[in-house]
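Worksheet for the structure shown next.
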Amino acid sequence: MSERFSLAGKSALITGGSRGLGHAMALAFAEAGADVAIVSRKLDACEATVREIEARGVRGFAHACHIGRWDEIEPMADAVWTALGKVDILVNNAGMSPLYPSLGEVTERAFDSVIGVNFKGPFRLTALLGERMHAGTGGSVINISSTASLGASPWALPYAGAKAAINVLTQGFSAAFSPNVRVNTIVVGPFATDVAEHWADPPDHDHPGWTKAGLRVGQPDEIVGLALYLASDASTFTNAATIRVDGGPVRASRGDTESSPRP
């Protein structure tokens with residue numbers, strides 16, 4: 001069974017891979033045997049993660065790229081492909097959701113930035129690398145979406161719309177590149193990453209996995225199992241799937257019995 005989940009001999013590209021969920025997936029992929037390219041806006045952060053990857057006995061590659069800028073994506077994709085020799089696994093993880101005081105005060109610049117990073121960039125990168133994978137030996141694309149795409153609040157509408165578009169991209173790209181390229185989406189709920197520090201109810205560091213108000217949130221390594229499944233040969237018949245990793249409809253408070261079943 002361990003061979004089904006092995007990534008030995010494979011190469012992965014993870015956008016937003018220097019922190020949060022991307023960082024957790026990058027280290028897990030490296031431990032499973034994959035060479036991993038880390039792409040984000042800050043080269044020093046990418047290089048720091050690459051050092052962690054290489055400490056696990058595989059190759060790493062760091063490249064700075066603003067994923068919302070169309071003209072930076074193809075040179076980045078070429079650089080990664082050249083450095084690693086191929087890309088078998090693409091994880092579209094980079095995202096952003098800036099706060100705004102009201103819907104009427106969302107600026108055009110902020111709106112375009114959110115759409116660029118969360119939708120335009122993943123579209124362009126998947127189009128480029130998906131075609132190469134499809135013409136070659138195949139591969140796996142993993143899109144990271146959000147539960148906001150399934151039920152948006154008024155405080156994250158541009159982000160929710162962009163992530164809903166990612167859900168649709170998954171269906172279209174899976175049809176375009178099947179059967180040898182699988183395209184799937186992980187729809188994530190609240191995770192205790194650095195971004196969560198800006199929540200109205202931030203993570204409680206004295207009680208990891210919970211917010212200060214006592215709601216259960218995910219730890220970054222809790223995305224790893226599904227990501228490894230989708231990246232590996234264990235998921236060869238899983239395509240165009242949208243899978244939620246959000247703790248379920250109820251995240252019990254610490255005042256409840258933590259082991260009690262969810263309704």
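The values are calculated or read from the model by the stated rules, or taken from the named source; none is laboratory data. The model shown is predicted, which means the values in this text are computed figures rather than measured ones. Cβ sites come from the backbone with ideal geometry, for glycine too, and all protein chains shown count toward neighbours.
Which condition breaks for Tyr100 when tested against (1) in a loop (DSSP other than H, G, I, E, B); (2) modelled with pLDDT of 95 or more; (3) of a type in the set (Phe, Trp, Tyr)?
The failed condition is (2).
Rundown of residues vs (1) assigned to a helix (DSSP H, G or I); (2) surrounded by 15 or more Cβ atoms within 10 Å (Cβ to Cβ); (3) touching a residue at least 40 places away in the same chain (Cβ under 8 Å); (4) among the aromatic types (Phe, Trp, Tyr), yes/no style:
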| position | (1), (2), (3), (4) |
| --- | --- |
| Arg56 | no, yes, no, no |
| Gly68 | no, yes, yes, no |
| Ala77 | yes, yes, yes, no |
| Val80 | yes, yes, yes, no |
| Val91 | no, yes, yes, no |
| Ala94 | no, yes, yes, no |
| Pro122 | yes, yes, yes, no |
| Thr126 | yes, yes, yes, no |
| Leu129 | yes, yes, yes, no |
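Which condition does Asp204 not pass, out of (1) within 18 Å of Thr147 (Cα to Cα); (2) surrounded by 14 or more Cβ atoms within 10 Å (Cβ to Cβ), if it passes all the others?
If we test Asp204 against (1) within 18 Å of Thr147 (Cα to Cα); (2) surrounded by 14 or more Cβ atoms within 10 Å (Cβ to Cβ), just (1) comes out false.
Quick test of your reading of the structure: Lys86 fulfils all but one of (1) in contact with a strand residue (DSSP E or B) (Cβ under 7 Å, 6 or more places away or on another chain); (2) surrounded by fewer than 23 Cβ atoms within 10 Å (Cβ to Cβ); (3) more than 19 Å from Leu128 (Cβ to Cβ); (4) of a type outside the set (A, V, I, L, M, F, W, C). Name the failing condition by number.
It fails just one condition, (3).
Please work out which one of (1) part of a helix (DSSP H, G or I); (2) over 18 Å from Ser232 (Cβ atoms); (3) at pLDDT 95 or above is the condition Val195 fails and give its number.
Evaluating Val195 over (1) part of a helix (DSSP H, G or I); (2) over 18 Å from Ser232 (Cβ atoms); (3) at pLDDT 95 or above leaves (3) as the failure.
For region 107-132, how many residues meet the condition of being more than 19 Å from the chain's Cα centre (by Cα) and closer than 20 Å to Asn239 by Cα?
Result for region 107-132: 2.
Within the set of pairs 6+ apart or on separate chains, which have a first residue in region 198-210 that is closer than 23 Å to Pro98 by Cα and without any contact (Cβ under 8 Å) to a residue 40 or more places away in the chain, a second that is surrounded by fewer than 14 Cβ atoms within 10 Å (Cβ to Cβ) and among the charged types (D, E, K, R), and C-beta atoms under 9 Å apart?
Listed pairs, sorted by first residue: Pro203/Glu197.
Within region 92-117, track down each residue that is aliphatic (A, V, I, L, M), under 30 Å from Leu129 (Cα atoms) and in contact with a helix residue (DSSP H, G or I) (Cβ under 7 Å, 6 or more places away or on another chain).
Correct list: Ala94, Met96, Val114, Ile115.
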